[in-house]
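Asker: The structure is given below, and queries will be raised subsequently.
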Amino acid sequence: MVGLVGTPGFCTCLDAPGFKGRNRQPEAPKDAVSLRSRLLGHAPLVSIGIQHDHDTMFQKTGPSIRRIIWGTNIKDSNYVQRGPVQIKPEIEAMLAQPSWSVRSLLPPESSTTDPRVSREQLHHLLKLSALPRPKSKAEETKMLQTLDSQIHFVKEMQKIDTTNVEPLIAIRDETAEYVDEQKITLETLRPYLEQEEKVGTNGTVRRRKPTKMIASSGWDPFELGDGKETRKKGKFFFVRKEKAPENTSG
Amino acid sequence: MLLEPLPEQAPLRKQLKDAARASRGKHDDEVSERDRVRHERLAQWELTVGIEIHAQLNTSSKLFSRASAEYTDVPNAASWPFDLAVPGSQPLFQPAVLVPAIRAALALKCQIQRRSKFDRKHYFYHDQPAGYQITQYYEPLARDGHLVLTQQDGLGEKDGGKIEIGIKQVQLEQDTAKTQEQDEVTSLIDFNRSGHALIEIISLPHLHTPEAAAAYVRKVQSILYAVDAATTGMELGGLRADVNVSVRRLDDNTSNHSYSGVGGLGQRTEIKNLSSFKSVEDAVRAERDRQIDVLESGGTIEGETRGWSLSAPGVTRRLRGKEGEVDYRYMPDPDISPLYIHPEVVEHLREHLPPVPEQLLDMLCANYGFTVVDAQALLALDNGGRLLWYQDIVAHLKVRENDVRSRLGVQVGNWVLHELGALLTTTETQWHPGLIDSQQMADLVSLQAQNKLTGPSAKRLLRILFDGDKRSVAEIAEEENLLFMPMTDEEYDALADAVIEANSSEADVVRQNGKQAKGKLKFLLGQMMRQGDRNRIEAQRAERILQTKLSPVGA
């Protein structure tokens, strides 16, 4: 989102009056996500994104920067001031009508296709997650419907072409500098290599093991208990299981 | 004893010699009819085995917590909150585990990945506090290694002389807590082990006999021990094996399962948690026979998990069928950063990688003149301690003697392996480094090499040292009159004259025929040896004196 806004093309689009204030209620339906309301929320980020992409232009601070970036010198009264941004009325009008809603990714209400998930599959999934079975037929039907719409949603997601895009696992710094910082080097391992000693003349090494028992950090897992020692037998935790029914098939 | 204990001396050497003899192609003539039939039946099927080995890494901390990984007798005394999956606790990768892990991967000839990632393997069990195990399913630490097995490692004839087993990957993962069954319904849990670092070594399905399977596991354990990566063996629970077994008819093309890129295989089953080399062999054999029985009678093999136990070594039992199959839902762990390893780490560890047994064997044969059988025997003794003592002795000698190393090497080897070995066996003593000082042994061998001790005297001296005498060897030899005092020329002279006089007819024959009368000369020599002081006479000198005295006139 930030990168997108930083492109020059988009700059001029924002260079328009008519961008209404934050307090104005969006005219779009309630559950629609309007591009404009997202822009409103991210107005400061817009300027930051542009700074990165246009470093050479960043010579002064304050209103004069806006002038250089937006290329306008006129404070038109038709323009709507939204934080540091002035929006043209035509743009404001265009942004008032959302062009997309997440609803497009969900199955239509009146869908009558066969359920994608069977009862058995639902029970299997619940068992895998150690969750209880639904208590009533109604609850089960609701679960199946929810699963259905979620699968539909995911299938829509899967239509996006992700060739050559590495899947995101977590939001992390992936710059080369950060990777270098994180690399395990010989320095990192030096203290552990020093725990070893050479044995004999063939290159064998053996890690020196402590002769006395090492206690833990002093954290006592039994502190977590309710004090009634319901899960403790001596120094062990314990679990009880149901006695397996007699069967001859091993 | 960290490794599987091996019998001392004679039985071990006999085993190795038998194996060596077998490899030369001799086999027992008596093959019973039943064996022949079984052999024929087996010849129509090909067995394929792949093995996954889990080994505890030799390191001071756990994988994702700073808790100590050193063994402690007190249950639940060595855990941090993350090891019990206390809500809010976070993983903290411990670089210490990389030293043994990378060494293990290098010793197995793998490529260390510059970047590897951690994944979650989900299943619920009381020894898995988080409900998932952290492992490396998608991007493991190391890939594409191999291991070579030869007949020295215990391969049977059916495998041929040498096989190469591919290793798919080596990955880091967590160990579970330890469970003890108190009774039928209660299990006691000790979380000391929860979160320990393990490596999982996954082989390609390249093994084709039960013997090869056991040999593979044995070899992996010895390699891991040699590079200090995993020092607790199978017997102590530090190493566990899961085997995957399938069979296919040799003349049949319908087997079309593919595992790890190897195709044309039959449906496989898994046998989990085997904890000794013999059990690996027995379980594979039992499962192979079961699968052949099922297929021959027209049935099909289900992909299931089976168990094996020592109490019924000929069979495997079903633990879990396809309907009970666990879906692990592998998922990259979002809490853990990828692991990036600098190439200098890999290069340093590779350069200083401790030698694996094969390398030590080659060294003993090349530099110390050992035979393969003797070298194997030496390496197997006392967890490598005897080898080091042996090398110390030779090192002392090198300072002393300006001699060809290999000749002395064999001599010292003889003392260390055979003479001392015999003493240890007969007195049922365990060797330890302080038993006899290496300097003393070196002195003993040195004296013998200088002919100041005869064979029998040297053995006597060894016994004195073995019994704990701390005097220097020179002192003992003096005081116990063990030194060889050679006969003087006059004594030889006198003895030769006496023998010649007593056997004048033979002497005349020698005088007349010279070199042609070898037999008679030997006879006279024998007489001298018998009549002279057994401990002091030297055959060569005696022979020379005789030759001089009996040389034909003018020769």
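Asker: From the residues in segment B:278-335 that are basic (Lys, Arg) and modelled with pLDDT under 90, which one is farthest from B:Gly238 (Cα to Cα)?
Answerer: Selected residue: B:Lys322.
Asker: Please work out which residue is farthest from the chain's Cα centre (by Cα), limiting yourself to segment B:85-106 and to residues that are crowded, with 23+ Cβ neighbours inside 10 Å and either among the aliphatic types (A, V, I, L, M) or assigned to a loop (DSSP other than H, G, I, E, B) (or both).
Answerer: B:Ala96
Asker: Taking B:Ile189 as the residue in question, decide whether it is within 30 Å of A:Pro221 (Cα to Cα), β-branched (Val, Ile, Thr) and more than 13 Å from chain A (Cβ to nearest Cβ).
Answerer: Taking the combined requirement at face value, the residue does not satisfy it.
Asker: Checking B:Ser275 against (1) touching a helix residue (DSSP H, G or I) at 6+ places or on another chain (Cβ under 7 Å); (2) modelled with pLDDT of 90 or more, which test does it fail?
Answerer: (2)
Asker: Also: Looking at segment B:487-507 only, could you name the residues that are surrounded by 14 or more Cβ atoms within 10 Å (Cβ to Cβ), outside any helix (DSSP H, G or I) and not aliphatic (A, V, I, L, M)?
Answerer: B:Asn503
Asker: For B:Arg120, only one of the following conditions fails: (1) away from chain A (no Cβ under 13 Å); (2) within 26 Å of B:Ile336 (Cα to Cα); (3) not small (Gly, Ala, Ser). What is its number?
Answerer: All conditions pass for B:Arg120, except number (1).
Asker: Moving on to the next point. Being over 21 Å from B:Leu397 (Cβ atoms) and charged (D, E, K, R) is the filter here, so list the residues in segment B:464-477 that pass it.
Answerer: B:Asp467
Asker: Quick check on segment B:72-79. Is at least one of its residues farther than 30 Å from B:Ile271 by Cα, hydrophobic (A, V, I, L, M, F, W, C), more than 9 Å from chain A (Cβ to nearest Cβ) and more than 33 Å from the chain's Cα centre (by Cα)?
Answerer: Looking through segment B:72-79, none of the residues is farther than 30 Å from B:Ile271 by Cα, hydrophobic (A, V, I, L, M, F, W, C), more than 9 Å from chain A (Cβ to nearest Cβ) and more than 33 Å from the chain's Cα centre (by Cα).
Asker: Still on this structure: Any idea which residue in segment B:10-63 is modelled with the lowest pLDDT, counting only those that are part of a helix (DSSP H, G or I) and surrounded by fewer than 10 Cβ atoms within 10 Å (Cβ to Cβ)?
Answerer: Going through the qualifying residues, I end up with B:Arg34.
Asker: Now for a separate question. When you go through B:Ala107, B:Ala85 one by one, which is the residue that is within 30 Å of A:Arg206 (Cβ to Cβ) and not polar (S, T, N, Q)?
Answerer: Of the residues listed, the single one that is within 30 Å of A:Arg206 (Cβ to Cβ) and not polar (S, T, N, Q) is B:Ala107.
Asker: Here's another thing I want to ask about it. Looking at B:Glu211, B:Glu235, B:Glu287, B:Glu281, can you tell me which residue is in a helix (DSSP H, G or I), of a type in the set (D, E, K, R) and in contact with a Gly (Cβ under 7 Å, 6 or more places away or on another chain)?
Answerer: B:Glu211
Asker: Oh, and also: Search segment B:136-159 for residues being in contact with a Lys or Arg (Cβ under 8 Å, 6 or more places away or on another chain) and of a type in the set (S, T, N, Q), and hand back the single one that is farthest from B:Gln359 (Cα to Cα).
Answerer: It comes out as B:Gln136.
Asker: Across segment B:172-186, which residue is farthest from the other protein chains (Cβ to nearest Cβ) among those that are touching a residue at least 40 places away in the same chain (Cβ under 8 Å) and polar (S, T, N, Q)?
Answerer: Among residues in segment B:172-186 that are touching a residue at least 40 places away in the same chain (Cβ under 8 Å) and polar (S, T, N, Q), the one farthest from the other protein chains (Cβ to nearest Cβ) is B:Gln174.
Asker: Next question, about the same structure. Go through (1) more than 24 Å from B:Pro357 (Cα to Cα); (2) in contact (Cβ under 8 Å) with a residue 40 or more places away in the chain; (3) not hydroxyl-bearing (Ser, Thr, Tyr) one by one and return the number of the condition B:Arg193 breaks.
Answerer: So the condition that B:Arg193 fails would be (2).
Asker: While we're here: Name the residue, out of B:Leu388, B:Leu444, that is closer than 27 Å to B:Leu12 by Cα and crowded, with 19+ Cβ neighbours inside 10 Å.
Answerer: B:Leu444
The values are calculated or read from the model by the stated rules, or taken from the named source; none is laboratory data. Remember, predicted model here, so these are calculated numbers, not experimental data. Glycine gets a Cβ as well: all are built from the backbone with ideal geometry, and neighbour counts include every protein chain shown.
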